[in-house]
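Here the structure is laid out as structure tokens; the discussion comes afterwards.
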Amino acid sequence: MRRSEFDRAVEREFGARSATLVSDLGLPGVGGRTAREALAEGIAPRDVWMALCVEMDVPVSHRHGAGRREPHARR
């Protein structure tokens, strides 16, 4: 997962709450850091996304492949 995919996944899953969650919620899965802190310290976006999903009880069906863009239709 790229950082841009992380950002899209968070926005799609949490909407208006996304900025607050990323900056304020401590995530045990990344040592109690916020998502913003974890990313700044070089923790992989995929690991941060999964920690956020666990903490927020995101359904497993929403976790994998999140943030990816829809493929362009071939002509």
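Here, each number is a calculation from the coordinates, and none is a lab measurement. Fair warning: this is a prediction, and the values are worked out from it, not measured in the lab. Positions of Cβ are generated from backbone atoms using ideal geometry, with glycine treated the same way; all protein chains shown enter the neighbour counts.
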Query raised in the report: If you build the Cα gyration tensor of the chain and take the root of 5 times each eigenvalue, what three semi-axes come out, in whole angstrom, biggest first?
Result: 22, 13, 11
Report summary line: Rounded to one decimal in nm, the spacing of the 7 Å Cα→Cβ label points at M56 and S23 is 1.5
Query raised in the report: If the label point is 7 Å along Cα→Cβ of R68, which residues in the range 1-19 have backbone nitrogen under 12 Å from it?
Result: 1-2
Query raised in the report: What's the extension gain from E41 to S4 if we count 0.36 nm per residue and subtract their Cα-Cα distance?
Result: 11.7 nm
**Report entry** C-alpha center-to-center spacing [the range 39-56, the range 14-36] in angstrom
**Finding:** 8
Requested in this report: Taking the Cα centre of the chain as origin, sum charge times position over the Cβ atoms of Lys and Arg (+1) and Asp and Glu (-1), and report the length of that vector in debye to the nearest 20.
Outcome: 540
**Report entry** Under-5 Å amide H pairs with L27, H placed in peptide plane, nonlocal only
**Finding:** G32, R33, T34
